[in-house]
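Everything on this sheet refers to the single structure shown next.
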Amino acid sequence: MGQAQRGGLRTPLTQASSGSSSTVVAPLASIAGDSDTGRMQVRLSVQQLFADAPASVFARSIDPRRFVAAFRGAGPIPALTKIELLGEPALGAQRAVHSSDGAVLHERITAFEPGARHAYQLSGLRPPLAWLVSKGEADWRFALSPDGGTQVRWDYVFTLTTALVWPLAAPLLKLFMQRAMRECLQALAEGEG
């Protein structure tokens, strides 16, 4: 497998495959700074191949019931229990995301291009994660694959509360959040149709 250039680091990519689905994960979280706040960030990325066309996969990824069923959490990353749409999905719309630890997170859609891209900013984390992360920014990209399916890439950038939490936050997010993301995409792919 090749190498990825991530935040100035070269990391080998690994690929796991089962049937028509595959997940590509860069094994190291990258280190970057947020130019607006000067805070450190942790960048995560997962990819999944879906058999369906981009429009169908996009619709599945923003469906509150399907997404809640697919995002089961991992370790200290809580599962989701409910997503409330606070308006129709569109640029600037908001969602209330309920997690199994009792938190109600807030998402604001920052990009909405049906069949191509969906991005949002996450806030309202609850301790202990709130002690480590001030915000998260997710970006989903949907691309037609050569076989007529869809390659989905889900990136997450977490801004840390302070550089002092890096030694704890980076491995925690890398190990558990990236696993939750990967398993979520796999569950969404298995529920195709």
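The values are calculated or read from the model by the stated rules, or taken from the named source; none is laboratory data. What you are looking at is a predicted structure, and each value in this text was computed from that prediction instead of being measured. So basically every Cβ, Gly included, is an ideal-geometry build from the backbone, and we count neighbours across all protein chains shown. Surface areas here come from the heavy atoms of the whole protein model, side chains and all, with no ligands, DNA or RNA. Shrake-Rupley method; radii C 1.70, N 1.55, O 1.52, S 1.80 Å.
Below is a table of values for the structure above.
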item	result
Some residue of segment 81-104 being part of a strand (DSSP E or B), without any contact (Cβ under 8 Å) to a residue 40 or more places away in the chain, surrounded by 15 or more Cβ atoms within 10 Å (Cβ to Cβ) and of a type in the set (G, A, S)	yes
Extreme residue, most open to solvent (accessible area, probe 1.4 Å), among residues of segment 109-138 that are farther than 20 Å from F71 by Cα and part of a helix (DSSP H, G or I)	W131
Test: R141 is open to solvent by 60 Å² or more (accessible area, probe 1.4 Å), touching a residue at least 40 places away in the same chain (Cβ under 8 Å) and part of a strand (DSSP E or B)	no
Residue list for segment 53-80, restricted to those being part of a loop (DSSP other than H, G, I, E, B), free of Cβ contacts under 8 Å to residues at least 24 places away in the same chain and open to solvent by 30 Å² or more (accessible area, probe 1.4 Å)	D63
S30 farther than 24 Å from T162 by Cβ and either surrounded by fewer than 17 Cβ atoms within 10 Å (Cβ to Cβ) or at pLDDT below 95 (or both)	no
Test: residue in segment 147-169 that is under 23 Å from V104 (Cβ atoms), aromatic (F, W, Y) and open to solvent by 50 Å² or more (accessible area, probe 1.4 Å)	no
Tally of residues being under 17 Å from A51 (Cβ atoms) and either in contact with a Cys (Cβ under 9 Å, 6 or more places away or on another chain) or not in a helix (DSSP H, G or I) (or both) across segment 151-193	6
